[in-house]
Amino acid sequence: MNSTKKNAKVALFMLFGLIIFAGGIILISSMRKVFIKKISAVAVFQDVAGLTKGNNVWFSGVKVGTVESLEFIPDKGVKVNFQIEEKSQQYIFKDADVKISTDGLIGNPILVISGGNISQGVIEDGHIFKISREDSQQDMIKTLQENNKNILAITDDLKNMIASIDSGKGNLGKFLKDETLFNEVSQTVGQLRASSYQVTDFAKSLNQFGKKLNDPQGLPYQLATNKTIMPKLESTVNSLESGASSLQKTAGNAEVLVNEVKSDLNRITSSKNSAFGVLINNPEMADYMKSTMINVESGTEKLDENLEALQHSIFFRKYFRKKEEREKEAAKAMDSE
Amino acid sequence: MLKKPPGKRENFISEKIDRQLLDFKSGVDFVILFFKEFSFKTLVWSEFVHQCYQIGLKSLGLISLTGFVTGLVFTQQSRPSLLDFGAESWLPSLVSIAIVRALAALVTAIIAAGKVGSNIGAELGSMRVTEQIDAMEVSAVRPFNFLVITRVLACTISIPILSFYTAAVALAGSFINVYVNEQTNLRAFLFDAFDSITFLDLGSSLIKAILFGFTIGMVSCYSGYNASKGTIGVGKAANTSVVRSIFLIFIIEIFVVQVTNSFR
């Protein structure tokens, strides 16, 4: 092969290799933001959870920088120095905090900047971020472990409970083991079932009643919908109400009257000077009055006998005969009508 | 039969181990000689370019196929595992890390050890057994400079370039697989792929590839240059080149990974 041609091919081969290498460097540089202006920032953590140099720094889910170095600070934790690209500086405010998270569930540790208020102004070179803590996977595992222990304890309790029930201890155990109790409960359930049938029947009746309520020919429906009856009913009710109120007033007046009569009667009956009080309260007067009444009764009987005798006398016999005839004629006239 | 003189051992450990140790020493001497003799002034450029052509360009087809299949298959095989976690979106970053950190350089080196190493071992071995190298020495051509330095240098330069090429082709294979299955576009794929790669990964891959290339060149040249026993020796040299190169490649891989991790 021609030497020049061979040399050209070899040169092209080497150039091609160099281009690939240079391309790799450029790509990594752009990913690592090597040729971008950056500012440095600091955060001090108690635990960096495996964060290493080169890990990404995210702000609102966007990669804005990388971790530059880590150094121990006695009694304080680990100081993380990281760089943030200058063009992102304007969006990150002084009161923003930083926490360590992971890229996905099982990804690399990352620094996550979040929060911040525009009124606080943007961060400057060398800014020290305040930190916030996110539950690590270890924390989650710890919580899960506690849950597991709780579940285990609950399972143990349940196991003991079931063992007690199985051995007939406790109310439930007795219930399950005691045949008499079971039969009683069974009967009760039977009764309940019968009651439920009755309730069902009642519900059916109620349903039918409801249907009747909705019947246009029924009274309730008419009451609810008829425009003629209801006003009349309303006026009747109003009249009844006014009548009732009048009656109430009358009753009030009557009550006053009765009270007054009662007080008068009390006064009369309790007084020993009035005639009625003397009649009621004085026994001697009562005896006197009794004997007087007897005398009057005997006097009256004697007067009847005298009058009877008077009818049969010659002077008054004609008068009584005419009176008897007039009475008979009046009775006849009444019958003919 | 003569008796051994009392109190004097014939071998240091055993005949076989002693031979291996001597072989190791002569290998180290060979490497030292390379650094002693290497100079850009005395480098035979035409031969160097020729070797770059033979090692680099002639291996391009094989490397392309291997790299493409590696990326494609690795992605395909990794998918079910990630799918179990619902993390198939991590495929680009997983594959790119695997390819850039290890696979590209390793696959290239193993393919080159098989193809280039055996080629160099057989070529130099046949030259040795047919006394061409001796003839070159006699004619003051300096065969070490002409044969060894050019080949080792060509390997050292071509194999890193081939490994970059392998990485690119493997990522292309991976992208095709990801695109077919997840409909991820190239931009998103590259973003995910290179987001996880660092300069340290790229640097360690480059250093590894350089070391692999140098090792393949040195081992192959040493095996061929020191071949003996006629045509059998040629075959043996070719075989030794491949076996020792691959063995050393893995040793270097372990070593470089350990060193690289100390910088992470």
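Residues being closer than 24 Å to residue B:163 by Cα and loosely packed, with under 11 Cβ neighbours inside 10 Å are represented in segment B:50-62 by at least one member. The residue pairs whose first member lies in segment B:62-86 and is assigned to a helix (DSSP H, G or I), whose second member is charged (D, E, K, R), and whose beta carbons are closer than 8 Å, counting only pairs six or more residues apart or on different chains, are B:62/B:115; B:79/B:88; B:82/B:88. Within segment A:20-59, how many residues turn out to be more than 8 Å from chain B (Cβ to nearest Cβ), surrounded by 14 or more Cβ atoms within 10 Å (Cβ to Cβ) and among the β-branched types (Val, Ile, Thr)? So the answer is 6. Of all residues in segment A:285-330, those satisfying the criterion of being among the aromatic types (Phe, Trp, Tyr) and out of contact with any helix residue (DSSP H, G or I) (no Cβ under 8 Å at 6 or more places or on another chain) are A:288, A:315, A:319.
Scanning segment A:82-119 for residues that are modelled with pLDDT of 85 or more and either basic (Lys, Arg) or farther than 18 Å from residue A:67 by Cβ (or both) turns up A:87, A:90, A:91, A:93, A:94, A:95, A:99, A:117, A:118, A:119.
Taken over segment A:80-130, the residue count meeting the criterion of being under 29 Å from residue B:192 (Cβ atoms) and either among the hydroxyl-bearing types (Ser, Thr, Tyr) or in a strand (DSSP E or B) (or both) is 20. Within segment B:108-128, the set of residues being among the hydroxyl-bearing types (Ser, Thr, Tyr) and either at pLDDT below 90 or more than 13 Å from the chain's Cα centre (by Cα) (or both) comprises B:126 only. Within segment A:11-34, the set of residues being touching an Asp or Glu at 6+ places or on another chain (Cβ under 9 Å) and either closer than 18 Å to residue B:105 by Cβ or of a type in the set (A, V, I, L, M, F, W, C) (or both) comprises A:28, A:31. Each residue in segment A:4-19 was checked for being more than 7 Å from chain B (Cβ to nearest Cβ) and at pLDDT below 85, and 2 of them qualify.
Quick grid of which residues meet (1) among the hydroxyl-bearing types (Ser, Thr, Tyr); (2) under 16 Å from residue B:103 (Cα atoms); (3) away from chain A (no Cβ under 12 Å):
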| position | (1), (2), (3) |
| --- | --- |
| B:194 | no, yes, no |
| B:207 | no, yes, yes |
| B:211 | no, yes, yes |
| B:219 | no, no, yes |
| B:232 | no, no, yes |
| B:238 | no, no, yes |
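Quick one: is residue A:40 more than 17 Å from residue A:122 (Cα to Cα), hydroxyl-bearing (Ser, Thr, Tyr), modelled with pLDDT of 85 or more and part of a strand (DSSP E or B)? Judged against the criteria, residue A:40 is not a match. Could you please let me know if residue B:131 is farther than 27 Å from residue B:260 by Cα, out of contact with any helix residue (DSSP H, G or I) (no Cβ under 6 Å at 6 or more places or on another chain) and modelled with pLDDT of 90 or more? Criteria not met by residue B:131. Given the condition under 55 Å from the mean Cα position of the chain (by Cα), in the same structural domain as residue A:127 (by TED's automatic domain parsing) and of a type in the set (Ser, Thr, Tyr), answer yes or no: does some residue in segment A:64-72 qualify? No, that holds for no residue. Within segment A:1-55, being over 18 Å from residue B:161 (Cβ atoms) and of a type in the set (S, T, N, Q) holds for A:2, A:3, A:4, A:29, A:30, A:40, A:46, A:52, A:55. Restricting B:255, B:214, B:247 to those that are surrounded by 14 or more Cβ atoms within 10 Å (Cβ to Cβ) and part of a helix (DSSP H, G or I) reduces the list to B:214. Of the helices (runs of 4 or more DSSP H) lying entirely inside segment B:87-189, those containing at least 2 residues that are more than 14 Å from chain A (Cβ to nearest Cβ) and surrounded by 22 or more Cβ atoms within 10 Å (Cβ to Cβ) are B:104-112, B:118-129, B:150-182.
The values are calculated or read from the model by the stated rules, or taken from the named source; none is laboratory data. Note that the structure is predicted; figures quoted are calculated from it, not measured. Note that each Cβ is placed from the backbone with ideal geometry, even for glycine, and that neighbours are counted across all protein chains shown.
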